[in-house]
Amino acid sequence: MRKKIVAGNWKMNTLPQEGVELAKGVVAGRGEVSNEVSFIVCPPFTHIAMVAEALKGSDIEFGAQNCAAEAKGAYTGEVAASMIAALGCKYVILGHSERRQYYGETSETLNKKMEQVYANGLTPIYCVGENLEEREAEKHFDVVKAQIEEVVYNLTEEQFKNLVIAYEPVWAIGTGKTATAEQAQEIHAYIRKVLAEKFGALAEETAILYGGSCKPANAAEIFAKEDVDGGLIGGAALKAADFLAIGKGF
Ligand code: PEP
């Protein structure tokens, strides 16, 4: 049985105390959602320690939205995977389209980040997805294939067992446009096939999340699809009630 996951990417939103209130709201309502669903929140770095405190005693896990490609040293402004792990994080989002687009993250950088993430016992939530132009040119399969081959194919089997994938079509992120459940299933099944070409039956166990304007109103239809194992949620993760309601979509 694959894990069912609802992960919240808070991006650069909330002040620390607001983040704590949001985390508390998720904890307060968590009991209304089946414990077969795992919840993860990924606040900004500055709030992680405080959010960790607010989550104490609950089964809600937390992670970071990025990490440095190097282990430590003279890299002003960067945050190392070891620092994230020391705060109790279990996950790190890697390769989000905003990082690829605005900060020039390439597969080369992401390979280095992956190394740091695994060296520190963390699990990457590795994002893949095509932009609108690529979708319209029907290149979406090739785009996600390359994003997987250039990074995920470099993992060992042991590392691969500890990997979450998020398929996030860039044209659906923060735009209110969602992939249809059929579009999501089609590409999630394809991603699983590409993973299986390298890792065989282990790919059956990989959680592949959908991300892109996922909300309570559309989560159930998307999550009902065989190869969709949950969601990476941006905007709707900023309201505890919506985030939890998405978890009820399974
Ligand atoms: C995201 O950026 O990971 C995301 C899915 O954002 P939104 O839900 O706001 O589209």
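The values are calculated or read from the model by the stated rules, or taken from the named source; none is laboratory data. Please read these numbers as outputs of a predicted model, since none were measured by experiment. Glycine also receives a Cβ, built like all others from the backbone with ideal geometry; neighbour counts cover every protein chain displayed. The area values use the complete protein model at the heavy-atom level, side chains included, leaving out ligands, DNA and RNA. Shrake-Rupley method; radii C 1.70, N 1.55, O 1.52, S 1.80 Å.
Observations, loosely collected:
- Under a 5 Å amide H cut-off, with hydrogens placed 1.01 Å from N, residue 227 pairs with nothing among residues at least 5 apart or on other chains.
- Within straight-line reach of residue 24, meaning a Cα separation under 12 Å, sit the following aspartates and glutamates at least 8 residues removed in sequence or on another chain: 53.
- Kirkwood Rh and Cα Rg combined as Rg/Rh, the range 113-176: 1.05
- Taking 20 °C and 1.002 mPa s as conditions, the range 6-58 diffuses translationally at an estimated 190 µm²/s according to Stokes-Einstein applied to its Kirkwood radius (Cα pairs).
- Furthest towards positive pole of dipole, 249, 223, 162, structure part the range 93-250, Cβ charges: 249
- Averaged per residue, the range 112-174 has 44 square angstrom of accessible surface, using a 1.4 angstrom probe with ligands and nucleic acids left out.
- Theoretical ellipticity at 222 nm over the chain - DSSP helices of four or more residues, -39500 (n - 2.57) apiece, nearest 500: -11500 deg cm²/dmol
- Net +/- balance of residues flanking residue 185 in space, Cβ distance below 12 Å, scoring K and R +1, D and E -1: -4
- Under 13 Å from residue 177, Cα to Cα: aspartates and glutamates that are on another chain or at least 8 residues apart: 168
- Sparse packing (at most 11 other Cβ atoms within 10 Å of the Cβ) combined with a DSSP loop state is found for the following GluC sites (Glu not before Pro) in the range 55-139: 138.
- Long-range amide H partners of residue 79 with built H, under 5 Å: 68
- Across the cross-link table entries 113/198; 56/225; 3/113, which are compared at the Cα atoms, the separations over 27 Å belong to 56/225.
- Sorting 99, 192 by solvent-accessible area of protein heavy atoms yields 99, 192, largest first, with a 1.4 Å probe.
- Averaging the Cα positions of each part gives two centres, and for the range 151-192 and the range 61-112 these lie 19 Å apart.
- Taking the protein heavy atoms of the chain in the context of the full set of protein chains, the accessible area attributed to carbon and sulfur is 51 percent at 1.4 Å.
- Square roots of five times the Cα gyration tensor eigenvalues for the chain, Å: 25, 23, 17
- Across 11/193; 112/139; 72/193, pairs whose alpha-carbon gap is larger than 32 Å: 72/193
- Shape of the range 195-239, Cα gyration tensor, a/c cut at 1.5: prolate
- Accessible area (Å², 1.4 Å probe, nearest 10) - residue 202: 50
- Prolate/oblate/rounded call for the range 168-243, Cα gyration tensor, a/c under 1.5 rounded: prolate
- Ordering 142, 242, 59, 227 by accessible surface, largest first, gives 142, 59, 242, 227; the 1.4 Å probe counts only protein heavy atoms, with every chain in place.
- Diffusion coefficient of the range 1-126 by Stokes-Einstein, Kirkwood radius over Cα pairs, 37 °C, 0.692 mPa s: 218 µm²/s.
- Taking 153, 126 and ordering them by how much accessible surface each has at a 1.4 Å probe, largest first, produces 153, 126.
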